[in-house]
Every structure is written in structure tokens, then in C-alpha cells.
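Report on one structure; see the data block that follows.
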Amino acid sequence: MSPNIKEQILKLKKEKNAIILAHYYQRPEVQDIADAVGDSYYLSQIAQSCNETTVVFCGVKFMAESAKILSPEKNILLPVLDAGCPMADMAEPEALLNLKKQHPNAAVVAYINSTTEVKALCDVCVTSSSALKIINNIDSEEIIFLPDKNLGSYIAEQFPKKKFILWDGYCITHKKVRQENVQAIKNINKDIKVLVHPECEAEVRALADFIGSTGEIISYASKCEARDYLIVTEEGVLHELKRRNPNKNFYVPGNTMTCINMKKTTLEDVYESLLNNTYQINIEEEMRIKAYDSLMNMHKLAR
């Protein structure tokens, strides 16, 4: 690939009437070439509202699927077809149907990090930033929450009067974080602010100065007066943090905070995707409509 790959991507993008969207966890050079960088649902909204007819979604499969659910008329491309989310794959539709039979009165709430097939069986989706507001607006006293038990347990802590049935799924990247690693850094630097994603285990969340989504972590660190921060989420977010806050110091606990799926997409993949129209996301229409309802309920209940 030539050293002018960025120019070639920009040229192709114009020719194909395309927009490039990148998640905060993508490689820095992919974030830099994108028209918008954000978390998964923000990017799906951009995909829905933009005028471009082709969307190159630099993320993982469930994100591109969410964009297609919301924008069926658009050409949604995922540059690397096997960029998946192990947590999303931990929730199986058949097992969910059985769980729903066991708890017929429960509202079924899916983290947006889930497959289309699972979204189609749920009442509402949530993001890590909208979850508390949405659960607060659900009348049901019983909630099935999937697939992330850590985010689910964090939400359940805020609603002690509701009964939560938590799926036994987790993010393999956030699960690697150890309480002792975070505590050791706190012991060395007493003033460091610890910012933790709710996908982390409860004992790690207990050490946090702030718990929030990727976007909320970036916002908190940008507004806070402190100089040093321990960022307990996927290390791709450091690129945006450093861009916004060049005079602050950002650290991650150990060398564990890398999602291999999020790092699969390269500039070459983005170029090939635009050039060859790969890989197109297609969803069977009946399935799409069912999943669409859970995403639209997310909109309504997050107000």
C-alpha cells in the first residue's frame, strides 16, 4: 500500500458518497481518518442522520448491524468481517427464549453490545451511558439483563428494589483488569483519578473515582482539574483523551487493556472496503424490524 493511503481513502470516500465512522477503541490512525469518532450508539445515530449513502463502520460487527437496523436503505460496510465481540456472542437466542419462559413478567433489557437476533427478542436496548435512565423509566420490577453481568450488577446496585436476572456474559478485555493492579497504582500516586468503565468487575469498580461509558470518561477527564488519570477501559480511548488534554497524564493498568477485535481494522482495510464495497451488512427484514423496536424503545426511554 502506498504512503499516500490517506489521500486515496479521502478520494474514494468522495467518489462513493461515503462517510467513515470509528469507535474510540480503534487504532489511532483509523480514528484520525474518520468523519466521526464516538461510542457505538452515537455512531449509529450519525449513520442514520447523515446524507451519505455508504457508511464504513470501523468497529465490531454488532455496531455495524445496529447501524443497518436503524438505516436499512444505506450501504453499511464493515471493513473486517471477523471483527466480532465475544461478549455479544455469549448471549444465545435459544437460551434467552428459555429464560423468558422462566420469568414471564420480566422486562428484557439488552446491552447494545448484542447480536441482532438477541435484540429482536428484547424489549429495549441500553448503552452504558443511557442504562440508568432507561431502567429508571421501566415499570417492571423484574429485569432480565444481558449479556454483560458486570454492567448488569452495576445497574442493579442503583436499583435495590428491582429484581435483576443477570446473564453470565462479560467483556474479555475488561475482565482482565485486576483489583491489585489498580490498587498498586493508587498506592504509588495518591492523587491519581481512577476512571472505570462499568464493564469491569465489582471489586475494580469499588476503587473508582468515577464510573462511566467511554464518552463519559473522556468528558470527566476533560473537565476535571486533576493532572493524572488511570483509565480503566480499552486503551484506544487514550488517543482522544490525549488529543483533548495534551497537558494531562493518562495511564492504563498494566498491558492488558487491548481489544484485539477493535484493533483488527487497519487503514488498508478501510481503503479495500471503500474500493470493493466490502463487507456489506445485510439483515433479513422481519428480524430487522423486531430488533428496530428495541433500539427505538431505547430512544424513547432515555428521554
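Charges at C-beta only: +1 for Lys and Arg, -1 for Asp and Glu. How large is the resulting dipole of the chain about its Cα centre, in Debye rounded to 20?
Details: 36 positive and 40 negative charges, 146 e Å.
The calculated dipole for the chain is roughly 700 debye.
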- Item | Residue-averaged 222 nm ellipticity for the chain, from DSSP H runs of 4+ at -39500 (n - 2.57), nearest 500 | -12000 deg cm²/dmol
- Set of region 240-262 residues, backbone N closer than 12 Å to the point 7 Å along the Cα-Cβ line of I188: 251-255
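Order the peptides 57-67, 163-173 from the highest to the lowest mean number of other Cβ atoms within 10 Å of their residues. Write out the running numbers ahead of the final one.
Details: 57-67: 27.2, 163-173: 18.7.
In descending order of packing, they fall as 57-67, 163-173.
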- Task: Kindly put R243, R288, R205 in sequence by how many other C-beta atoms sit within 10 Å of each C-beta, fewest to most.
- Result: R243, R288, R205
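Can you give the charge dipole size of region 1-110 about its Cα centre, rounded to the nearest 20 debye, using +1 on the beta carbon of Lys and Arg and -1 on the beta carbon of Asp and Glu?
On the way: 11 positive and 13 negative charges, 34 e Å.
Magnitude of the dipole: close to 160 debye.
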- Message: Just want the answer: with Cβ charges of +1 for Lys and Arg and -1 for Asp and Glu, which residue in C224, C200, I185 is farthest toward the dipole's positive end in region 177-251?
- Response: C224
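By counting other Cβ atoms within 10 Å of each Cβ, how are K100, K161, K264 ranked from fewest to most?
Ascending Cβ contact count within 10 Å gives the list K161, K100, K264.
Which shape class applies to the chain: rounded if a/c is under 1.5, otherwise prolate when a/b exceeds b/c and oblate if not, where a ≥ b ≥ c are the square roots of the Cα gyration tensor eigenvalues? Working shown, then result.
Numbers: a/c = 1.94, a/b = 1.07, b/c = 1.81.
Oblate, since a/c reaches 1.5 and b/c is not below a/b.
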- Task: Find how much the distance from K161 to A226 grows on full extension, using 0.36 nm per residue of separation minus their present alpha carbon separation; answer in nm with one decimal.
- Result: 19.8 nm
- Shape call for region 158-247 from the C-alpha gyration tensor, a ≥ b ≥ c root eigenvalues: rounded (a/c under 1.5), prolate (a/b greater than b/c) or oblate? prolate
- Query: With a Cα-only, solvent-free Debye model of region 204-303, what are the log10 I(q)/I(0) values at q = 0.14, 0.21, 0.24 Å⁻¹?
  - Reply: -0.85, -1.05, -1.15
- Query: Quick one: net charge of L12's neighbours, Cβ under 14 Å, K/R +1, D/E -1?
  - Reply: -2
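Taking the DSSP beta bridges in the chain as the whole, what percent of them are antiparallel, to the nearest 5?
Antiparallel bridges make up about 5 percent of those DSSP assigns within the chain.
Order these by the 10 Å Cβ neighbour count, fewest first: E117, E286.
Numbers: E117 17, E286 9.
In order of increasing Cβ crowding within 10 Å: E286, E117.
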- Note on the structure: Here, D168 and K242, labelled 7 Å along Cα→Cβ, have an inter-label distance in nm of 4.0 nm
- Item | Cβ-derived FRET efficiency at R0 22 Å, L275 paired with Q48, nearest 0.05 | 0.30
- Task: Sticking with the crude label model, points 7 Å out along Cα→Cβ, report the distance from E180 to N249 in nm, one decimal please.
- Result: 2.5 nm
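Would you mind estimating how fast region 1-133 diffuses translationally, via Stokes-Einstein at 20 °C and 1.002 mPa s with the Kirkwood radius over Cα pairs, in µm²/s?
Numbers: Rh = 16.1 Å.
Rounded, D is 133 µm²/s.
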- Query: Say the dipole of region 260-303 comes from +1 at the beta carbon of Lys and Arg and -1 at that of Asp and Glu; which of I260, M296, I283 then lies farthest toward its positive end?
  - Reply: M296
- Message: Among K190, K263, K175, which one shows the highest mean-square fluctuation when the chain is modelled as a Gaussian network with alpha-carbon springs under 10 Å?
- Response: K190
- Message: Quick check: residue separation of L132 and E29 times 0.36 nm, minus the Cα distance between them. What number comes out in nm?
- Response: 33.8 nm
- Options A83, H103, A131, ranked by Cα towards positive dipole end of the chain, top entry (Cβ charges): A131
- Can you tell me the dipole magnitude for region 177-251 around its Cα centre, using point charges on the Cβ only (Lys, Arg +1; Asp, Glu -1), in Debye to the nearest 20? 360 debye
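Since every read-out is calculated from the coordinates, none of them should be taken as a lab result. On a predicted model such as this, the values are computed, not experimentally measured, just so you know. When we count neighbours, we look across all protein chains shown, and the Cβ atoms used for this are built from the backbone with ideal geometry, even at glycine.
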